[in-house]
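Right, one structure below, let's go through it.
The values are calculated or read from the model by the stated rules, or taken from the named source; none is laboratory data. Small disclaimer: the values here were computed from a predicted structure and weren't measured. As a convention, Cβ positions derive from the backbone with ideal geometry for all residues, glycine included, and neighbour counts pool all protein chains shown.
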Amino acid sequence: MPEYIFLVGLSGSGKSTIGRLLADRLGWSFIDTDSLVATRAGKSIPAIFSEKGEAAFRELEAEALTLASNSGPAVVATGGGTPTHPEGRQILAAGFTVWLKVSPAVAADRLASQEEDQPRPLLAGDPQERLESLLKLRQEDYARADATITVDALGIEETCEAVLDLWKEALPSNFAGIPGVAATVHTPSASYPIVVRDGALTDLGSLCSAVDLSGRSFVLTDDQTGPLFATTALNSLRSSGFQATSMAIPSGEEHKSLRTVSTVYDWLLKERAERNDFLVCLGGGVVGDLGGFAAATLLRGIPFVHVPTTLLSMVDASIGGKTGVDHTLGKNLIGAFAQPRLVLTDPALLGTLPSRHLRAGLAELIKHGFILDEELVQLLESRASDLTALVTEEFISRSTAIKAEVVSNDERETGTRALLNYGHTVGHGIETAAAFKGYLHGEAIAIGMHAAGRISYEMGLLDDTNLERQQHLIRACGLPEVAEGIDRQAVENAMRSDKKIRSGSISWVLLERIGHAAVHRNVPEQAVAAALEAVLV
């Protein structure tokens, strides 16, 4: 997976402007090699040309490009002549190179509008004429880029989106040869398949080999899941040549804590785990979140695999790289973004789950429909009376694909991924107020969606017909609409400690219609009060 995007092209093509925006979108570093050259030389580029000549500048440019290509994931705006020399071409070949193709006339106009203390050395005289000459000399070198975008008529945002689209297309997309891939997550930090297939657990070892995992394997599970599935997982890993051992932690949200993480660290360190070994998180959301966090932080990060065993973790917790543990002040307040190398979902494992836990898992599945996919809502409505018809490869794969697409477009929740928090503000508040007892996560989220729907209604975003449509599906899936015996003040206190607070204000995900949600800030207190009154009884 390319960890560098190199932008090449003439001066005036927008490499620096686009590069900064692109790096911000990806969460990568931004490096402008011209700026790096000037900083390292302690003088401006015109001064370097004047005092030492172009050949000396090209040497400094090559050194700067080498430094840039060893800085970790980065977007690099290169000097216009970078692709014209062998050293530059060799470094560019190690990343994803995009030629921002601009006509000399447009480039000259853009440069004329920029205020610069000193003229560009290679553009002295008539800039457009010089740019035309440079383009003729460099065109063949620019054309070696992995992709080309003609930018004359594009704005900054449009160009940035075009580069992102081309970069994603260049990523591995199908994981060819792996059966049952329902979706693929592509983020700036990782690319991995999500396998959804009955019986897939028996292929755990071969699937780990298929995604190039090596070293020893450590299976983390809990004391309820382990007796059911750990032996199958261990046997599969060993049959594929992996050394494998396991450990079980106590089950339950109340054990999703730093204390439990410490016991996982103790186990792995006593086993002398190394950075090329990997952790398999076999269990529900607690094992996945906690195990992923332990893997992300042990030895500054070891690979890990998710094998979710609950519907909730299959359609939600295992996808997207959110790892972490709870704090007494709230849920998931301590954690990190870290993507797995593989998600293996075996719907056959759901056969051991009580119906209550299956229904709780439906909360996240129907949430995906409420916020992004009305057609999924319609399918759920048509089968809501038959629980077994809802926990199939079909529905799990479809819900998985929705979340995978959202995560791929917004790994760190700076944009559309925030929509996945629909129902979670009040839902997490209820879980915290109840000390993570009495309500399963999905049940709390169902109540939270009722509250968010009520707020949407109170604000005039959602009409009463669509609010009732939401609630009818929640009821039909056997999920609660209200919480009984929960202290309202404790819920409000937990909401004020929520991760989604910005500048002291809660960011609410609200429905504007079924299948379409949006983030709203500065929500009227009276709307929130009315919603809490309706759901906390």
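Structure notes:
- Filter pass, Tyr265 being part of a helix (DSSP H, G or I) and touching a residue at least 24 places away in the same chain (Cβ under 8 Å): yes
- The one condition in (1) surrounded by 20 or more Cβ atoms within 10 Å (Cβ to Cβ); (2) without any contact (Cβ under 8 Å) to a residue 12 or more places away in the chain that Lys270 fails to fulfil: (1)
So that you can scan it fast, the table gives a plain yes or no per residue for (1) modelled with pLDDT of 95 or more; (2) in contact with a Leu (Cβ under 6 Å, 6 or more places away or on another chain); (3) within 30 Å of Ala451 (Cα to Cα):
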site: Thr263; (1), (2), (3): yes, no, no
site: Ala273; (1), (2), (3): yes, no, no
site: Asp277; (1), (2), (3): yes, no, no
site: Ala296; (1), (2), (3): yes, no, no
site: Val307; (1), (2), (3): yes, yes, no
site: Met314; (1), (2), (3): yes, no, yes
site: His327; (1), (2), (3): no, yes, yes
site: Thr345; (1), (2), (3): yes, no, no
site: Leu353; (1), (2), (3): no, no, yes
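- Annotation note: Cβ proximity below 7 Å between a residue of the range 294-323 that is under 23 Å from Asp223 (Cβ atoms) and a residue that is of a type in the set (S, T, N, Q) (sequence gap 6+ or interchain) occurs for His306/Ser318; Pro308/Ser318; Pro308/Thr345; Thr309/Thr225; Met314/Thr345.
- A Cβ distance below 8 Å, combined with a sequence gap of six or more or placement on separate chains, defines the contacts here; from the range 231-254, residues that are free of Cβ contacts under 8 Å to residues at least 24 places away in the same chain reach residues that are surrounded by fewer than 17 Cβ atoms within 10 Å (Cβ to Cβ) and assigned to a strand (DSSP E or B) in the pairs Leu234/Thr245.
- Considering residues of the range 134-163 that are outside any helix (DSSP H, G or I) and among the hydroxyl-bearing types (Ser, Thr, Tyr) only, the residue farthest from the chain's Cα centre (by Cα): Thr150
- Enumeration of residues in the range 392-408 that are of a type outside the set (S, T, N, Q) and buried (at least 20 other Cβ atoms within 10 Å of the Cβ): Phe395, Ile396, Arg398, Ile402, Lys403, Ala404, Val406, Val407
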